[in-house]
Amino acid sequence: MASSTNRFLIIIFVALGSLTYGYCASIIATTLGQPTFISYFALDTRSNAASLTGAVNGLFQAGGLIGTLCSSFLADSLGRRKAILIAAIVTVIGGALQAGSVAIAMYIVMRLVTGLGIGR
């Protein structure tokens with residue numbers, strides 16, 4: 001009985017992690033369409049706006065891939081709890097700095113950092 005309870009809890013936590021990653025990956029679509037976002041980062045006047053938009057999307061996914069590939073090595077060397085703690089800290093810092101970005105370059109780099117944290 002305890003075994004099936006543990007399995008259920010593991011499934012719930014994995015589902016919540018997948019929800020978090022999916023939310024961060026999908027919410028950017030509506031953000032990139034906001035007129036205030038476009039004007040704040042001057043995406044309406046830049047000749048490379050399409051490339052910057054692609055970088056915003058792609059680097060989050062790249063960060064998630066790198067974070068996922070590094071997660072087992074980090075967990076083996078530090079332990080699961082410390083690895084999860086580090087991932088949570090990286091995610092919070094990346095998300096906060098992403099929200100407070102003052103330049104498109106900062107926003108793009110923070111998308112990568114957030115992806116690293118969530119990918120773990």
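The values are calculated or read from the model by the stated rules, or taken from the named source; none is laboratory data. Everything numeric in this text was worked out from a predicted model, so none of it was measured. Cβ coordinates were reconstructed from backbone atoms using ideal geometry, including for glycine residues, and neighbour counts include every protein chain displayed. What goes into the accessible areas is simple: the full protein's heavy atoms, side chains included, and nothing from ligands, DNA or RNA. Shrake-Rupley method; radii C 1.70, N 1.55, O 1.52, S 1.80 Å.
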In Å, the Kirkwood estimate of hydrodynamic radius for segment 16-120 over Cα pairs equals 14.2 Å
In whole Å, what is the distance between the alpha-carbon centres of segment 9-26 and segment 71-116? 16 Å
Under 15 Å, Cβ to Cβ, from Phe13 - net charge with Lys/Arg +1 and Asp/Glu -1: +4
Where does the chain land at 222 nm, in deg cm²/dmol rounded to the nearest 500, when only DSSP H runs of n ≥ 4 count, each adding -39500 (n - 2.57), divided by all residues? -29500 deg cm²/dmol
Expressed in nm², what is the orientationally averaged projection area of the convex hull enclosing the Cα positions of segment 1-75? 6.8 nm²
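How many Å² of accessible area per residue for the chain, probe 1.4 Å? Working shown, then result.
Working: 7600 Å² over 120 residues.
Here the per-residue accessible area is 63 Å².
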Estimated FRET transfer efficiency (Ser51, Ala96; beta-carbon r; R0 25 Å; 0.05): 0.45
Tell me, what % of the accessible area of the chain is carbon and sulfur with a 1.4 angstrom probe? 72 percent
